[in-house]
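Here it is, the structure, as structure tokens.
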Amino acid sequence: MKICSVSGTGNFTIRSDHKDLLEVEYKNGFSSIAKTKLGNTEIEIRPKNFWNTSFEIYHDGNDVGEIMFNWMGDAAITINNEKYLLKALEWNAKFELFHESETGIFFIKPNYQWDKKKYDYEINVVSKTIDFSRLVELLIYVGFSANLHMTATLRN
């Protein structure tokens with residue numbers, strides 16, 4: 001699986017077996033508001049605070065979770081009271097997503113394309129039990145979080 005950048009504005013697709021499953025679109029190039037459709041569910045991610053360290057996740061307009069960044073750049077993702085942690089590893093050369101049970105779900109390896117100023121991410125799934133639709137949903141939040149993390153890293 002892959003998360004593939006489709007524009008310099010941050011938009012990305014989630015791809016499996018060379019087929020795009022969905023596209024996450026940002027309101028504009030300077031926005032931290034992202035939207036997509038997963039099956040029949042409209043998903044929106046919006047900033048919760050001015051500093052862009054906390055975001056709310058909505059399904060069809062209903063608040064179902066949040067993404068919160070800590071001072072180390074890790075993202076805590078909560079969906080319907082289920083908790084995940086996206087940890088930056090190896091000086092941002094890789095990320096790993098953990099379930100609250102401390103079980104690893106997948107690794108993400110960014111590939112920066114300097115000529116296009118965008119990131120693609122290779123996904124290496126290590127969990128043998130995760131449902132495919134849950135995996136795709138998590139990739140939406142992880143792609144959003146990784147893009148924010150990598151953009152902040154490049155600015156500093």
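Within region 35-50, identify whether any single residue is open to solvent by 60 Å² or more (accessible area, probe 1.4 Å), of a type in the set (A, V, I, L, M) and within 14 Å of G143 (Cα to Cα), and answer yes or no.
No: zero hits.
Based on this model, can you work out whether G29 counts as at pLDDT below 95, in contact with a strand residue (DSSP E or B) (Cβ under 7 Å, 6 or more places away or on another chain) and not basic (K, R)?
So G29 does not fit the description; no.
Filter region 1-20 for residues that are surrounded by 15 or more Cβ atoms within 10 Å (Cβ to Cβ), assigned to a strand (DSSP E or B) and not charged (D, E, K, R) and give the result.
I3, C4, S5, F12, T13, I14
Sticking with this one: Return the residues of region 111-147 that are assigned to a helix (DSSP H, G or I), open to solvent by less than 60 Å² (accessible area, probe 1.4 Å) and not polar (S, T, N, Q); say none if nothing qualifies.
Matches in region 111-147: R134, L135, V136, E137, L138, L139, I140, Y141, V142, G143, F144, A146.
Same structure, new question: Among the residues of region 79-110, write down those that are over 27 Å from F50 (Cα atoms), modelled with pLDDT under 85 and either in a strand (DSSP E or B) or not acidic (D, E) (or both).
Matches in region 79-110: A93 only.
Please state which of the following conditions A76 fails to meet, knowing it meets all the rest: (1) over 21 Å from V6 (Cα atoms); (2) modelled with pLDDT under 90; (3) assigned to a strand (DSSP E or B).
Of the numbered conditions (1) over 21 Å from V6 (Cα atoms); (2) modelled with pLDDT under 90; (3) assigned to a strand (DSSP E or B), the odd one out for A76 is (2).
Under 7 Å between Cβ atoms, at least 6 apart or on separate chains: pull out the pairs that start in region 62-83 with a residue that is on the phi < 0 side of the Ramachandran plot and end on any residue that is acidic (D, E) and assigned to a strand (DSSP E or B).
D63/E56; E66/E56; T78/E66
The values are calculated or read from the model by the stated rules, or taken from the named source; none is laboratory data. Everything numeric in this text was worked out from a predicted model, so none of it was measured. Using ideal geometry, Cβ is built from the backbone for each residue, glycine included, and neighbour counts are taken over all protein chains shown. Just so you know, the surface numbers come from the protein's heavy atoms only, side chains and all, with ligands and any DNA or RNA stripped out. Shrake-Rupley method; radii C 1.70, N 1.55, O 1.52, S 1.80 Å.
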